[in-house]
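*Asks:* Here it is, the structure in full.
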Amino acid sequence: MATLIRGKLSNKLSNAATSVSNKSQAKVSGMFARMGFQAATNEEALGFAACDDLDYDHRQGMQMDILTTDEIGGEGSGDGGELDGDSHYQRDGTGPPRSASKDGGPNDELSEDRPKITAWEAGWNVTNAIQGMFVLGLPYAILHGGYLGLFLIIFAAVVCCYTGKILISCLYEEDEDGQLVRVRDSYVDIANACCAPRFPSLGGHVVNVAQIIELVMTCILYVVVSGNLMYNSFPNMPISQKSWAIIATVALLPCAFLKNLKAVSKFSLLCTMAHFVINVLVIAYCLSRARDWAWDKVKFYIDVKKFPISIGIIVFSYTSQIFLPSLEGNMTKPSEFHCMMKWTHIAACILKGLFALVAYLTWADETKEVITDNLPPGIRAVVNLFLVAKALLSYPLPFFAAVEVFEKSFFQDGGRAYFPDCYGGDGRLKSWGLALRCTLVVFTLLMAIYVPHFALLMGLTGSLTGAGLCFLLPSIFHLKLLWRKLQWHQVFFDVAIFVIGGICSVSGFIHSMEGLIEAFRYNIQE
């Protein structure tokens, strides 16, 4: 009898411990699901553990749900309680190849387990990525490029749409029956496949480094634009742009303590709608001054020294390739991906072109790096305050993603980790983990103080990571993985995009670095 009682008590305690543990894991899983990671069951996790763990893509705006857990435990059984529906987050590239057909038909083994999004929802995510607040720098690109700048806005839309499609085609291979099967899940998977078998992880490292640079530079841009907007909104106040940047960073310091983005995510839709309203207000003001538009100022000449920077600005405004594989994999009908890419980029091209042209025609040679700084003082202060709020609320997403990449690569990589785990056994952040996050916040502040130039930083990021992720790498991967199946005109397009992208990237990077170094020296001397 005593043995039976002890056995029952032991089973109950085991079931309770397992339940608490799995509920805790489910909460953590939910956090990553909101970040854009895909959910997976325990059975799938067994396969994930044996796969490469290098991939750590950042998804913006992915609409993911959390798979609920179903607790199953027997009171009289000798085995502990088990959770068949326990949810874990899956980072792209850690899962086994899926036998999913491209049309999302019955061959998709996980179609019932994974939450899906429609083509309209996918288009909304892409639109948020390529129609963000960085379009405020496009009129400045027209200032130095004229009609060629407008052409580049159209050209970049066409190329980014095309490279997005060919990037997705690299996820698929034909099976024995000639049907397309999705054998890869992410940008990193494609990169690793191209570098295999000699360097199976080199491509993933390159993509992740580019991703980290883009995330950190995006954080810096948010601090720069916050300081710039506040300084130009209240020019009579005895506060410099650097001081405004410091004030903005102080407001961002709580990001170092973030464990999830639940609180911030509630404001994302509101910020997006507010930014749309701001764009409409700017265009409406410009239209009210249509009689004074300076058509004679728009010419076919280019500023040789500054136009390469404009190329980076335009390319950066279209960057979305990094999360397209995950987006396409979570669509209800992946066959609609190409159509979705077409209308989102057509809409982006029209809106960006009109916004840039109308704004430049209104202020001509007086066009500033951030176009809202050209507005009259009363309107400018209101609009800029909304933009600052959007920038500060947008900062945590790339910051949190960059921190996760660092922690995963250097602190939480199992036996391959370089440093101890940032989290203790109770899940609390350790001192060096907090120091890492605070250091990253301070680094973004220092860059914003010593190089407070929105256009230069945006041009550098677009030339370095934007051109690489949107132009160069997709064309290389397409040629490498699908060489035998490509037609001659596809090969020509890929080679042309690689050459043009390489020239734009190198020239934009060189001119942006020259400007940044000059600005850095000037601020050091001050």
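*Asks:* So Ala196 fits all but one of (1) farther than 21 Å from Met341 by Cα; (2) surrounded by fewer than 17 Cβ atoms within 10 Å (Cβ to Cβ); (3) within 21 Å of the chain's Cα centre (by Cα); what number is the exception?
*Replies:* It fails just one condition, (3).
*Asks:* Do you know which residues across the range 378-391 are more than 28 Å from the chain's Cα centre (by Cα) and touching a residue at least 60 places away in the same chain (Cβ under 8 Å)?
*Replies:* Within the range 378-391, Ile379, Arg380, Ala381 qualify.
*Asks:* Another question, if that's okay. Taking the condition of being in contact (Cβ under 8 Å) with a residue 24 or more places away in the chain and either farther than 30 Å from Val451 by Cβ or touching a Ser or Thr at 6+ places or on another chain (Cβ under 6 Å) (or both), how many residues in the range 491-511 meet it?
*Replies:* Total satisfying the criteria: 7.
*Asks:* In this structure, does Glu176 turn out to be of a type in the set (D, E, K, R) and within 18 Å of the chain's Cα centre (by Cα)? Let's see the steps before the verdict.
*Replies:* Values: of a type in the set (D, E, K, R): yes; within 18 Å of the chain's Cα centre (by Cα): no.
Here the answer is no, as Glu176 does not meet what is asked.
*Asks:* Just to check your reading of the model, which residue among Leu138, Leu180 is touching a residue at least 60 places away in the same chain (Cβ under 8 Å), open to solvent by 10 Å² or more (accessible area, probe 1.4 Å) and of a type outside the set (Asp, Glu)?
*Replies:* After ruling out the rest, the residue left standing is Leu180.
*Asks:* Okay, next question. Can you name the condition, by its number, that Val358 falls short on among (1) touching a Leu at 6+ places or on another chain (Cβ under 8 Å); (2) modelled with pLDDT of 90 or more; (3) open to solvent by less than 10 Å² (accessible area, probe 1.4 Å)?
*Replies:* The one condition Val358 does not meet is (3).
*Asks:* Give the residues of the range 366-392 that are within 18 Å of Ala356 (Cα to Cα), in a helix (DSSP H, G or I) and charged (D, E, K, R), sorted by residue number.
*Replies:* Scanning the range 366-392 gives Glu366, Asp373, Arg380.
*Asks:* Here is a follow-up. Which ones in the range 224-252 are free of Cβ contacts under 8 Å to residues at least 60 places away in the same chain, closer than 17 Å to Phe443 by Cα and open to solvent by 50 Å² or more (accessible area, probe 1.4 Å)?
*Replies:* The answer is Ile247, Val250.
*Asks:* With respect to the numbered conditions (1) buried (at least 24 other Cβ atoms within 10 Å of the Cβ); (2) over 30 Å from Ala122 (Cβ atoms), which one is the sole condition not fulfilled by Leu327?
*Replies:* For Leu327, the failing item is (2).
*Asks:* Okay, moving on. Among the candidates Ala157, Ala122, which residue alone is small (Gly, Ala, Ser) and in contact with a strand residue (DSSP E or B) (Cβ under 9 Å, 6 or more places away or on another chain)? Explain how you work it out, then say what you get.
*Replies:* Details: Ala157 fails: in contact with a strand residue (DSSP E or B) (Cβ under 9 Å, 6 or more places away or on another chain).
One residue alone meets the criteria, Ala122.
*Asks:* Would you check if there is a residue in the range 300-308 being open to solvent by less than 10 Å² (accessible area, probe 1.4 Å) and in contact with a Leu (Cβ under 9 Å, 6 or more places away or on another chain)?
*Replies:* Scanning the range 300-308 turns up no residue that is open to solvent by less than 10 Å² (accessible area, probe 1.4 Å) and in contact with a Leu (Cβ under 9 Å, 6 or more places away or on another chain).
*Asks:* Quickly run through the range 121-135 and pick out the residues that are under 15 Å from the mean Cα position of the chain (by Cα) and either among the aliphatic types (A, V, I, L, M) or open to solvent by 10 Å² or more (accessible area, probe 1.4 Å) (or both).
*Replies:* Passing the criteria: Ala122, Trp124, Val126, Thr127, Asn128, Ala129, Ile130, Gln131, Gly132, Met133, Phe134.
*Asks:* Kindly establish whether Ser475 is small (Gly, Ala, Ser), under 18 Å from Val206 (Cβ atoms) and modelled with pLDDT of 90 or more. Please lay out each step first, then the result.
*Replies:* Working: small (Gly, Ala, Ser): yes; under 18 Å from Val206 (Cβ atoms): yes; modelled with pLDDT of 90 or more: yes.
When the stated conditions are applied, Ser475 passes them.
*Asks:* Further question on the same structure: Among the residues of the range 287-320, write down those that are among the polar types (S, T, N, Q), touching a residue at least 12 places away in the same chain (Cβ under 8 Å) and farther than 10 Å from Gly508 by Cβ.
*Replies:* Across the range 287-320, the qualifying residues are Ser317, Thr319, Ser320.
The values are calculated or read from the model by the stated rules, or taken from the named source; none is laboratory data. It should be emphasised that the depicted structure is a prediction, and the values quoted were computed from it without experimental measurement. With ideal geometry, Cβ positions are generated from the backbone for all residues, glycine too; neighbour counts draw on all protein chains shown. Note: accessible area is taken over every heavy atom of the protein model, side chains too, but ligands, DNA and RNA are not part of it. Shrake-Rupley method; radii C 1.70, N 1.55, O 1.52, S 1.80 Å.
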